[in-house]
Structures are given as C-alpha cells and as structure tokens.
1. Which of A:Gly149, A:Gly109, A:Gly64 moves the most in a Gaussian network model of chain A with Cα springs under 10 Å?
2. What is the ratio of the Cα radius of gyration of the range B:12-90 to 2.2 N^0.38 Å, where N is its residue count, to two decimals?
3. Say R0 is 25 Å: what FRET efficiency, to the nearest 0.05, do B:Leu52 and A:Asn51 get from their beta-carbon distance?
4. Just how far, in whole angstrom, is the range A:79-119 from the range B:85-164 if you go by their alpha carbon centroids?
5. Counting other C-beta atoms within 10 Å, and keeping those with at most 16, which DSSP coil GluC sites (Glu not before Pro) do you find in the range B:1-90?
6. If each label sits 7 angstrom from Cα along the C-beta direction, how far apart, in nm, is B:Glu108 from its counterparts in the other copies?
7. Where in the range B:64-90 does the amide nitrogen come within less than 20 Å of the point 7 Å from the Cα of A:Lys107, taken along Cα to Cβ?
8. Past 30 Å, Cα to Cα, is the threshold; run A:Lys142/B:Lys142; A:Lys58/B:Lys107; A:Lys58/A:Lys117 against it and keep the listed order.
2 protein chains.
Amino acid sequence: MERTSFAEMRCSLARGLDMIGDWWSPLIIRDLFLNVTRFDELIEDLGISRNLLTRRLKSLVECGVIDREIYQRRPVRYEYRLTESGRDLVPVILALTAWGDRWARPKEGSPILFVHKTCGHQFQPQVSCSACGQAISADAVKPIAGPGGAAKPGTRLVARRLQGAS
Amino acid sequence: MERTSFAEMRCSLARGLDMIGDWWSPLIIRDLFLNVTRFDELIEDLGISRNLLTRRLKSLVECGVIDREIYQRRPVRYEYRLTESGRDLVPVILALTAWGDRWARPKEGSPILFVHKTCGHQFQPQVSCSACGQAISADAVKPIAGPGGAAKPGTRLVARRLQGAS
DNA sequence: CTATACAGTTCAATCATTGAACTAAAGGGA
DNA sequence: TCCCTTTAGTTCAATGATTGAACTGTATAG
C-alpha cells in the first residue's frame, strides 16, 4: 500500500508531480531561488521538520532538480542549488504564486513582488502562448491527442476521448 | 501532529499549495478541464482510491476551486465543474505540464498537445512578463519585498532578506 | 575545556493514503 | 416481483508519510 507513483503514468503533468508534487518541494525550490540554500536556513524559513527536509532534498537531488555542493571544507558544509531543470521550474512556481496572490492573498497584501530585469518593470507572471505570445485562458485552449497518448492509469479515459474527438 | 497547514502562511505560494498542493488535486483539475467531470469517470481515469477522491473533491469545493452541480434528477447525480478560480488555475497547470514534458517526457512522446484557439497554432505554454510580454527565466527575475511581507513561518528568513536587500 | 554552529539521524506518536468491501437510490428487463 | 446495472459515494483495516523532540558528529572560537 505504497503511495501511488505517478512516475510511470503516460502523462507529463503526473510525471512532473511525481518529481515536485508534494507539499514542501515547491517551497524548497522557491527558497533556493531566493538564495535560502542551506539546511538550517531552510529549517528556519519554512518550519519544516528536519528529517522530512532531509528526505525531500534527497529526492529532489535524485530527480535532478537540485544539486548538493560543498561551500566550505573544515568542517564540510553543503548547500543546495537549482539545476537547469530546477531553474526552468521557477517560472512555473512564480505563475502558481501569482495565482495564489489572485485568489488567496493575505489581507496584508502580497509578501513578495517581482521585477523583470530585462524590461525593468514590476510584473505578474502569466502563462502565454509560445506561438502568438498572448496570455492564455482555459477557454482558449483546445487539447489534442499527442503521439504518446495511451489508455493507461492517469489518462485512461482522457486518451480515448482525445483520440475519438480530434 | 497534524500536517502543517500552509493556509496561514504569509506567502501566496504556500497559500496556493494549501488549496491544490497535494498529489492528486492538479490531476483532478486537469481532468475537469478535459471534461472528465463525474465521480466514476475520475476513478477510472486516474486510478485514485474512492474515499480519497471524495475527500479531495470536498476540499476543492470548500476552497472554491470547483463546484458540484446536479446534472440529473431521479436519481440525483452530481458532476464537478471548475469555478472561475479553477479555470484561472488551468494555465498554471498547463505550464507545469509543459515542464514535465521538457524534463520527464515519456519516451513515446507527449500524450497531450495544446492548440491555442485564438491564433490557431499548436503551442507550448510558457510563463511570461505581464509588462513586456517576453518569456521569463529564473535569472531575469528580481524578487522584491511586497507590502504584506512578514517574518512568519513560510517566509521567516526570506522576508528579512528582501527588506534588507531592496 | 566549554560553547556554539551546522548538517544531519533516530525515534515514537499521529495522520494520510490505499484497496477492498459495502451502502443507497433509481431504472430496466425477465 | 425479483434481479441486475449504473452512479456516487461510505466504512474499514493495513500500511506509509509527517511531525516534533531529542540526539549525533565535526569543527571553530574563546
């Protein structure tokens, strides 16, 4: 009766969730992005239990999202850093943060704001279309069957329907 | 020893995760978006346990992301639908799906592709700047302190640092 | 010689998840 | 009438995951 693994599902969302879809991982990744990179810093900032942080860091290292690096010898001390895939995840986490900001903002206001270095403006992260650049809404998206579709757990029904529809 | 609640954290990401940050909720929301909206359909598509699906649906209704609607009387049957905040979450989930596609794609290829109805092209969901429209990378984002910043669990260290830095 | 900082490990208690079996309300067919 | 099917759940025992507290080990500072 292990927790169901999403890793083998024929679904990119489920596979992504299998890597970072638990309660703490997104917060850990956000903290690494914000330069909170050491074990005891993460403990202090997040209030996560020590043994659980150990486990989470280990699993994030295993799936390649973060790296463990020595920042000091004598005594040996490690810090954690985002890898390429981890940095690639940051915009997604910012988009989720923006959603939380829209629908569950603390009454005191947003705790963190973001400035786009390239253009210099404070901004909201939004999800947009890679073809035309416009922000996308759920209504404007039509899902179609991809080459890897299959009626396996995670998309048992969905795969069938997409095949039939398109 | 309850699971730590993120709902009171002074952090929009944590508050968002408190609503939909468990293993199954994003998959449920994706399925509702894909018109898999009934209890037994979700059971079949996802392979989630029945009592757990009951709990997840209840908590998603409670936090306002989905709605329960009668689609048939005699006997009364319900289906679940995304609310406004739920539909607003879809692009974020698509962005996470695209990340999974980049870093954990099944060898058979992407199971689902997306077409932007507005422009007619197949596309990758990307996170972009609301000010200039460009896609953003982690390196191009500078976090600054917002009005609601506070040294409370979830951003104990981060809030202090942002105050000091900016 | 003691205190402190850092990065964890170990442990018992509690909570969450799983899968199987069960309930309930109606409709349809023999 | 009786039985089977559909749909949407509930109940239960077993197993895993999470929590918080206490502990370990290495090294520097005073």
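The values are calculated or read from the model by the stated rules, or taken from the named source; none is laboratory data. A quick note: this is a predicted structure, and the numbers were derived from the prediction, not measured. Quick reminder, even Gly has a Cβ in these numbers, built from the backbone with ideal geometry, and neighbours come from all protein chains shown. Note: areas computed on protein heavy atoms with side chains; ligands, DNA, RNA excluded. Shrake-Rupley method; radii C 1.70, N 1.55, O 1.52, S 1.80 Å.
1. Most flexible of the set in this elastic network: A:Gly109.
2. On the way: Rg = 12.2 Å, N = 79, 2.2 N^0.38 = 11.6 Å.
With N residues counted in the range B:12-90, Rg over 2.2 N^0.38 Å equals 1.05.
3. On the way: r = 25 Å, r/R0 = 1.00.
That pair, B:Leu52 with A:Asn51, gives E of 0.50.
4. Using only Cα atoms to place each centre, the spacing works out to 7 Å.
5. On the way: sites: B:Glu2, B:Glu8, B:Glu41, B:Glu44, B:Glu62, B:Glu69, B:Glu79, B:Glu84; in loops: B:Glu2, B:Glu8.
Those that pass, being in a loop and sparsely packed, are B:Glu2, B:Glu8.
6. For B:Glu108, the inter-copy label distances come out at 4.9 nm.
7. Correct set: B:64.
8. Details: A:Lys142/B:Lys142 33 Å; A:Lys58/B:Lys107 25 Å; A:Lys58/A:Lys117 32 Å.
Going by Cα-Cα distance, A:Lys142/B:Lys142; A:Lys58/A:Lys117 fall outside the 30 Å limit.
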